[in-house]
Every structure is written in C-alpha cells, then in structure tokens.
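Enquirer: Please see the structure below; I have some questions.
The values are calculated or read from the model by the stated rules, or taken from the named source; none is laboratory data. All figures in this text were calculated on a predicted structure; none of them were measured in a lab. Note that each Cβ is placed from the backbone with ideal geometry, even for glycine, and that neighbours are counted across all protein chains shown. The protein model used for the area step is the full one, side chains on, heavy atoms only, and it has no ligands, DNA or RNA in it. Shrake-Rupley method; radii C 1.70, N 1.55, O 1.52, S 1.80 Å.
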Number of protein chains: 4
Amino acid sequence: MKSNKPKYKQIIDAAVIVIAENGYHQAQVSKIAKQAGVADGTIYLYFKNKEDILISLFQEKMGSFIEKIRKGITGKETAAEKLLVMVESHFNILSEDHNMAVVTQLELRQSNKELRLKINDVLKGYFQLVDEILHFGMETGEFDPNLDIRVSRQMIFGTVDEIVTTWIMNEEKFDLVALAPSVHQLLIKAVSI
Amino acid sequence: MKSNKPKYKQIIDAAVIVIAENGYHQAQVSKIAKQAGVADGTIYLYFKNKEDILISLFQEKMGSFIEKIRKGITGKETAAEKLLVMVESHFNILSEDHNMAVVTQLELRQSNKELRLKINDVLKGYFQLVDEILHFGMETGEFDPNLDIRVSRQMIFGTVDEIVTTWIMNEEKFDLVALAPSVHQLLIKAVSI
Amino acid sequence: MKSNKPKYKQIIDAAVIVIAENGYHQAQVSKIAKQAGVADGTIYLYFKNKEDILISLFQEKMGSFIEKIRKGITGKETAAEKLLVMVESHFNILSEDHNMAVVTQLELRQSNKELRLKINDVLKGYFQLVDEILHFGMETGEFDPNLDIRVSRQMIFGTVDEIVTTWIMNEEKFDLVALAPSVHQLLIKAVSI
Amino acid sequence: MKSNKPKYKQIIDAAVIVIAENGYHQAQVSKIAKQAGVADGTIYLYFKNKEDILISLFQEKMGSFIEKIRKGITGKETAAEKLLVMVESHFNILSEDHNMAVVTQLELRQSNKELRLKINDVLKGYFQLVDEILHFGMETGEFDPNLDIRVSRQMIFGTVDEIVTTWIMNEEKFDLVALAPSVHQLLIKAVSI
DNA sequence: GATGAATGAGGGTTCATTCAT
DNA sequence: TATGAATGAACCCTCATTCAT
C-alpha cells in the first residue's frame, strides 16, 4: 500500500508527530524518516537540512492557520465580531490539533535564535491580521482612534499566546475554546473608546 | 586579587554573562566555570547539575525582580497606580540590565519542557503579584467585579512579556520604559468596569 | 544537439573534467553523470561501479599516452635519443593537457590501495617501454652492461614522475618541457658506463 | 597497569598501527582511541581534529626520520659517502618499521590535497638535506659544478621514493637495504662530472 | 574544599548503487 | 537503452559529569 501524499507533506506531518511525541531535542532526523515511512536520505531530497524541515513545517502550518482565520473574519461586519472570530478560531484550531499546538507553542520555541528569527517572519502574517482588524475598528469608530497600534497588537497576541501556552502546560485540562468570550471581552474593552 | 563573593553567586553571575554573550546553546559548563574563575568540577560542589544552575539563576534573579516590584507597589493607594508601577518597574529593571533581559526573555526559553515547567513555578510569584493587584482593584471598585482573574492575569503578563520580548528581538532599539503609560492605559481599560 | 560520441568515452571524458575541477573526493558519480549529460543510472550500463570508471579512465588515457611515446621513440637510432624523446614526450603531453596531468598525477593517487594496485598494472606498459630503451642501450653499448634494469627503470620513472608532480603542486609555474634536456642529461650519465 | 607514555605519543603510535592495519579510509577516530587505550574524547584534548592527528604523526615521524639520517651523514667526509649513508639509512629505517613505511608511503598519500600540502611542508626538511649534500659535493669537486640542484634533488628523492613504494606494493618481498649500493652508484654517476 | 584530565554516548548528513518505469 | 527517485550505512566531534589527587 503506497501513500499517495507527496513526500514533502508526508515528511512535514511526520515531523509534527515526532516532535510532539518526543520533544524538539529528541526529534532526530532518523525518527522523522521512520515516521514518514521513508529512508533517512530521502529527507534530504526534499529539505536542505534539519532546520529546513522545521522552518517549512512552521511556514506550512502557520500559513494555513492564518488563512483559516482570515477566511473566518472576512464576512464579519464589525471589528468586534472579527476579533471574536479571530480569538475563537485561534483557540479552535489549536484545540483540534493537539500535536500542532504542542509543536508551535512549546517545542519550536526551543530552537536557536536563528531559527526563531525565521519563525518570527512567519508570525508577521498573523500580526498583520491583527493590525487589519485594529485599523478597521478605528475606522468604523468602534475602537479608540488614538490607539497605539503596535502596543495593542502586542497585547492581543501576547494575551492569546500566553493563554494557549498555559493551557498546554496544564496538559489541556480546561476548555480553551470556552475562554474565548471572556478573553474577547477584555480585549474589546481595552481597545474601545 | 580574589573575589570575596561566595562562589554560589559568583557562578550564577558568570552564567548570566556567558549565556547573554554566547546564547543558551553555547553556554557550556566549562565556559561558565572559566568566567566564574573556578574549575569545572567546582561547579558541581555548588550545583547538582547544569540545569540546577539555570533554575537557581532564574530563582535568584526573578526573586529579586519580584521583590523590587512588590516594594514599588506597596505604598500606592489605588490598583491603577499599583499596576502602573508594576509595568514601569518591569520595564525599568529589564531596561537597566541587558544581560538579564536577554537571558530570561530569550535564552532560557530555549530550554526543554522540564526546565520550563520549573521556570514557570518561579513565575508563579509574579502571577501572584498580579492577582493581588487585581483582587485589590476589584475590592476597591476600580476593576470589574466579574473579572475572570486568571484570564486577566494572563492578559497582563502576556502583554508585558510580549512587549519585552519584541523589544529585545529588535535589539532594544526603542524606549521600552516610555511605553509603560500606553500599555498601562490599555490594561486598565480592559479590567475596569 | 546530442553528442555522437559513444557514451563510454563521454563518461570517461566527463570524469576527467569533474575530477580535475573538483578533486578526487569531490567527484561524485552524480557530478560525472551530469557533466556527461546522462542520468546517474546510465553510468552503470557502461561501468560496473565507480572504481571501474577510474580504472578505465586510467587505462584509456595511459594507453594513448604510452602509444604516443612509443611512436616518438620508434624512429630514433640511439638509446640516448630514445630516452630524450621519452622524457620530452612525457613532459609535453602532460603540459598540453592540464586536466589529465592533475588527474593522473595528483587526484587518482588518493584512491585506495586496491585501486592503486590496478593503476600500477596499467603503468607496467610504461615500465616496459623504459626497460626496452635500457636493453637497447645496453645492447648498443651506450649503457652500462651491468645495469640493474629494475633499479634503473625505477630511477627513470621516479625522477620523471617526481618532477611532474612538483610541477603540478607548484601550479605549473615553471616550464616543464624546458627541463627535459637537463633531466635527460642526468639520467644518461647515470646509466652510461 | 598504566602506560607512562604521555598520551600525545600514545595516540600517534596508535594511529600508525591502525592506519597500517586498516588503511587510511578505515582508520576511524574511535579505532585509534581504542588502540591507544583512551576514550574517543580524549583524542580531542591532544589534537584539534582527525587531520591534526595525521599531520602531527607525519611531523613527528618524519622529523625523527630526518634527524636520524642527518646524524648518520654528519661524520662522513665525502659527498658520495654522505649520499650512500642517506640512501642506506632511508631504506634501513623503513625496513625496520613496516607500519611506518606503509603509512607514509601508501596510506597518507590518500589524504586530500590540503593535508598533502602540509605533508609536503614536512618533506621540505628532507629536500633540504639532499640539497646540502649536493652543495657539499659541488664544493668538494666530487659533483658536477653545473648541476641543476632542483632537478638533481628531485631525481634523488624520486628514485628513492619510487623504489620504496614498489617494495611495499610488492609486500616487501625483496631486500630493500640490499639495493642501496646499486641505487647509490646510479645516483653518483648521475651527479658526478 | 578545589582541581581539571578523562570519559563516552549520540546524530546530522553524504553518496554509490538499485530498480521500477 | 535510459531514467532519477529512493535507499541506508557509516563517522567525527561535543560536552556534561566524574573522581583521583
């Protein structure tokens, strides 16, 4: 029985599983290869080196993560609704993919500075999304026109990120998605007039 | 000329310098020993293992960090003032100690999950401080009596932490302390009625 | 536009170029295949394995090398003249083919003992040529009738080979062919009565 | 039972044995360490890397090789005698140390260009010795005053080296030392007037 | 208490060769 | 014939920790 998934995706998915199960520093290339069902050398036909797997992983996953959120907020009419959908989606997506949550929130942050800088580049897409919502809210008059966009964005991302991290560190013992409304309420109050 | 500092502190200070200058993954025990002016083996008379150095480092530094902040907020009369002092102190202390900022915000976060769990234990002292301010504000009627304490605390810590991290990742190119008022204003609006 | 050269020669020529340009240890089969304009697998339709390429290369090139020299000395009347032509030809041929010179003098000598033994087999054709000149000189009375043929041959080959190697190691900065007369003179004195 | 040899020498001697017995490309650091009776890591307390072992090996062995020969020729009165002693010593030393002979004549020549250049540096000490004998002979009138020193030296070294290599490639089946007189005679005739 | 030489486990990556198409 | 994607064995070096002095 052959897998029809192209090997590139196959390897990235394997990496997520292996990192989630073994931790960043115990995610050897050979383990990833075995999980992907390919030979060690095959990895290097699709990725320049181990770091390249991790960056690609983050890009792929975060790319579709952002895309999903963006789709969700597109139809919404008010900035408040958009923000709510963003928080809800963020929590939802990570709730539904335990491995991804562990990998992006905990494991990949153990990487070295160079890799983290590249990861930060990817995160810029998320920051941009937040900025768009903020600008929109300021235009519609929902948000304080004198907001410091940068600080507001850092508050929003910092809050959501901290909550998710805590949730994972607590072994996902509470219902993350259920927190969305109260998180949203706090954030809305902060940026409103 | 021999240092009179007890070797325990000597080694921790050396660790901060070495990690700040070389990064977490390039901070070998032998480098720390050399920086501390002791033999490699001497380290193990004062610390169980390398991880123990890092935890002790975090405990020592975070302990005095929290103490300083606690002192600052003690005299203040309103919860809002306390929160302002907390944010200002937080930014101030890290602004004045570049090495500490780099080590606690960036480098130590590259440690494995186990170590990070222990670091989180130390952070509980900080969380408690935030909780106290929140409770105080709820009692005085400054803050919303229906606040979800945990989420509010995560918002406050997440926001402050994210801003500091961004500041360091940007090579401290902007004035961190100057941001305190607008950060404070956002947070106050979030938790007020 | 396809090359009409049979692929066998095509691959050997590619190997010479790749080895000369990249060195023995950086001359991967895939590089040779790319240089030859064939697929990696095609190599194995014409050669048993990588070693077989190198031996074949040496045989082909050394074969025509010896042939050229043999032609040059055939018409000469005295052993001294023959020896002069041999040295001159040797220097000439390598001077005119930089790649070949590098490959046979430097790169192929990095091969393992087994391959070098096979290379030595090919060199026997050259040794035979020298032996013929020596015998001829001994018969004509030009050379010492009590010569130890084997030692004399090793002197002649060792001398010429050492000079060529030095010339290449010095990046061909001096005129190799111009050395032929003085080399010849030394050798003639050695073997003469 | 502890070895009292300093580990540096211990490791070099082990390297000679391992390379002689297994060949250059099969001489793994772990094998050398095991043969030396030390841990793999210990190697790196005395040598920068694997290449450093090989260069040091060559320097140490070639250094004492040249020293021995130099001592032998010092007392001799004529250039011819000096040359004889040199050839004899060269053959003698290698005859008496099979491993060294294999390592320096065959195995180390498989190293990459960079290492070979460093090996060549060491050989310059030998070349210098030959040059001294040649100059001496030219001064005493034993040798042709118009000798091309460089070519003569290359002849002498090339001849001796080729003979030793052949001897080893033939598994030392003939008596190398016994060849010294006839080799000497040839070389003397070559450089005499 | 203090030293520092010695230990030894562990992993990313290359590349000659194969074989299904 | 020709292809080229896939294979998987093999090795140098680092560094936290120990222990004889």
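Enquirer: Please find, among A:ILE69, A:ILE55, A:ILE93, A:ILE73, the residue that is touching a Ser or Thr at 6+ places or on another chain (Cβ under 6 Å) and either at pLDDT below 95 or not hydroxyl-bearing (Ser, Thr, Tyr) (or both).
Expert: Values: A:ILE55 fails: touching a Ser or Thr at 6+ places or on another chain (Cβ under 6 Å); A:ILE93 fails: touching a Ser or Thr at 6+ places or on another chain (Cβ under 6 Å); A:ILE73 fails: touching a Ser or Thr at 6+ places or on another chain (Cβ under 6 Å).
Of A:ILE69, A:ILE55, A:ILE93, A:ILE73, the one residue that is touching a Ser or Thr at 6+ places or on another chain (Cβ under 6 Å) and either at pLDDT below 95 or not hydroxyl-bearing (Ser, Thr, Tyr) (or both) is A:ILE69.
Enquirer: Regarding region D:140-154, can at least one residue be identified that is out of contact with any helix residue (DSSP H, G or I) (no Cβ under 7 Å at 6 or more places or on another chain), part of a helix (DSSP H, G or I), more than 8 Å from chain C (Cβ to nearest Cβ) and surrounded by fewer than 21 Cβ atoms within 10 Å (Cβ to Cβ)?
Expert: The answer is yes, given that some residue of region D:140-154 is out of contact with any helix residue (DSSP H, G or I) (no Cβ under 7 Å at 6 or more places or on another chain), part of a helix (DSSP H, G or I), more than 8 Å from chain C (Cβ to nearest Cβ) and surrounded by fewer than 21 Cβ atoms within 10 Å (Cβ to Cβ).
Enquirer: Go through region A:64-109 and give me each residue that's within 20 Å of A:ALA178 (Cα to Cα) and in contact with a strand residue (DSSP E or B) (Cβ under 9 Å, 6 or more places away or on another chain).
Expert: Answer for region A:64-109, where residues must be within 20 Å of A:ALA178 (Cα to Cα) and in contact with a strand residue (DSSP E or B) (Cβ under 9 Å, 6 or more places away or on another chain): just A:ALA80.
Enquirer: Shifting gears a bit: Just for region D:21-65: of the residues that are of a type in the set (S, T, N, Q) and within 20 Å of D:VAL122 (Cα to Cα), which one is most open to solvent (accessible area, probe 1.4 Å)? Working first, answer last.
Expert: The initial filter retains those residues of region D:21-65 that are of a type in the set (S, T, N, Q), namely D:22, D:26, D:28, D:30, D:35, D:42, D:49, D:56, D:59, D:64.
Adding the requirement that they be within 20 Å of D:VAL122 (Cα to Cα) leaves D:49, D:56, D:59, D:64.
On the way: D:ASN49: 62, D:SER56: 10, D:GLN59: 97, D:SER64: 47 Å².
Ranking the candidates gives D:GLN59 first.
Enquirer: Return yes or no: is A:ALA180 among the small types (Gly, Ala, Ser) and touching a residue at least 60 places away in the same chain (Cβ under 8 Å)?
Expert: Numbers: among the small types (Gly, Ala, Ser): yes; touching a residue at least 60 places away in the same chain (Cβ under 8 Å): yes.
So A:ALA180 fits the description; yes.
Enquirer: Looking at D:LYS68, D:LYS76, can you tell me which residue is free of Cβ contacts under 8 Å to residues at least 12 places away in the same chain and within 24 Å of D:GLY125 (Cβ to Cβ)? Write out each step before concluding.
Expert: Details: D:LYS68 fails: free of Cβ contacts under 8 Å to residues at least 12 places away in the same chain.
Of D:LYS68, D:LYS76, the one residue that is free of Cβ contacts under 8 Å to residues at least 12 places away in the same chain and within 24 Å of D:GLY125 (Cβ to Cβ) is D:LYS76.
Enquirer: Among the listed residues B:LEU84, B:LEU129, which satisfies the condition of being within 19 Å of B:THR159 (Cα to Cα), more than 14 Å from every other protein chain (Cβ to nearest Cβ), within 13 Å of the chain's Cα centre (by Cα) and modelled with pLDDT of 95 or more? First the steps, then the outcome.
Expert: On the way: B:LEU84 fails: within 13 Å of the chain's Cα centre (by Cα).
Checking each option against the conditions leaves just B:LEU129.
Enquirer: Also, quick follow-up: Can you tell me which residues in region C:119-134 are without any contact (Cβ under 8 Å) to a residue 40 or more places away in the chain and of a type outside the set (Asp, Glu)?
Expert: The first filter runs over region C:119-134 and keeps only residues without any contact (Cβ under 8 Å) to a residue 40 or more places away in the chain, leaving C:120-121, C:124, C:127-128, C:131-132.
Across region C:119-134, the qualifying residues are C:ASN120, C:LYS124, C:PHE127, C:GLN128.
Enquirer: Here's a follow-up. I need the full set of residues from region A:174-193 which are in a loop (DSSP other than H, G, I, E, B) and more than 10 Å from chain B (Cβ to nearest Cβ), in order please. First the steps, then the outcome.
Expert: Looking only at region A:174-193, we keep the residues that are in a loop (DSSP other than H, G, I, E, B), and these are A:174-176, A:193.
Passing the criteria: A:ASP175, A:LEU176.
Enquirer: Okay, next question. Determine if region C:156-165 includes at least one residue that is of a type outside the set (Val, Ile, Thr), within 12 Å of chain D (Cβ to nearest Cβ) and out of contact with any helix residue (DSSP H, G or I) (no Cβ under 8 Å at 6 or more places or on another chain). Break it down stepwise before answering.
Expert: Within region C:156-165, the first condition is being of a type outside the set (Val, Ile, Thr), and the residues that meet it are C:157-158, C:161-162.
If we keep only those that are within 12 Å of chain D (Cβ to nearest Cβ) as well, we get C:157-158, C:161-162.
Right, trim to out of contact with any helix residue (DSSP H, G or I) (no Cβ under 8 Å at 6 or more places or on another chain) and you get none.
Within region C:156-165, not a single residue is of a type outside the set (Val, Ile, Thr), within 12 Å of chain D (Cβ to nearest Cβ) and out of contact with any helix residue (DSSP H, G or I) (no Cβ under 8 Å at 6 or more places or on another chain).
Enquirer: Is it the case, given these coordinates, that C:PHE136 is aromatic (Phe, Trp, Tyr), modelled with pLDDT of 95 or more and within 18 Å of the chain's Cα centre (by Cα)?
Expert: Working: aromatic (Phe, Trp, Tyr): yes; modelled with pLDDT of 95 or more: yes; within 18 Å of the chain's Cα centre (by Cα): no.
In short, no.
Enquirer: Still on this structure, please answer the following. Scan region C:158-171 residue by residue and report those that are touching a residue at least 24 places away in the same chain (Cβ under 8 Å) and out of contact with any Leu (no Cβ under 8 Å at 6 or more places or on another chain).
Expert: Hits for region C:158-171 are C:VAL160, C:ASP161.
Enquirer: Within region D:44-57, work out how many residues are within 11 Å of DNA strand F (Cβ to nearest atom) and of a type in the set (S, T, N, Q).
Expert: Final tally of qualifying residues: 1.
Enquirer: Would you confirm whether or not region D:58-70 contains a residue that is touching a Lys or Arg at 6+ places or on another chain (Cβ under 7 Å), in the same structural domain as D:THR165 (by TED's automatic domain parsing) and away from DNA strand F (no atom under 16 Å from the Cβ)? Give the derivation first.
Expert: Going through region D:58-70, the residues touching a Lys or Arg at 6+ places or on another chain (Cβ under 7 Å) turn out to be none.
No, there is no match, as no residue in region D:58-70 is touching a Lys or Arg at 6+ places or on another chain (Cβ under 7 Å), in the same structural domain as D:THR165 (by TED's automatic domain parsing) and away from DNA strand F (no atom under 16 Å from the Cβ).
Enquirer: Being open to solvent by less than 20 Å² (accessible area, probe 1.4 Å), in a helix (DSSP H, G or I) and more than 28 Å from D:ILE193 (Cα to Cα) narrows it down to one of D:VAL102, D:VAL122, so name that one. Write out each step before concluding.
Expert: Details: D:VAL122 fails: open to solvent by less than 20 Å² (accessible area, probe 1.4 Å).
Result of the check over D:VAL102, D:VAL122: D:VAL102.
Enquirer: Sticking with this one: Could you identify the single residue in B:GLU107, B:GLU114, B:GLU171 that is closer than 26 Å to B:ALA27 by Cβ, assigned to a helix (DSSP H, G or I), open to solvent by 40 Å² or more (accessible area, probe 1.4 Å) and within 12 Å of chain A (Cβ to nearest Cβ)? Working first, answer last.
Expert: Numbers: B:GLU107 fails: open to solvent by 40 Å² or more (accessible area, probe 1.4 Å); B:GLU171 fails: assigned to a helix (DSSP H, G or I).
Exactly one of B:GLU107, B:GLU114, B:GLU171 is closer than 26 Å to B:ALA27 by Cβ, assigned to a helix (DSSP H, G or I), open to solvent by 40 Å² or more (accessible area, probe 1.4 Å) and within 12 Å of chain A (Cβ to nearest Cβ), namely B:GLU114.
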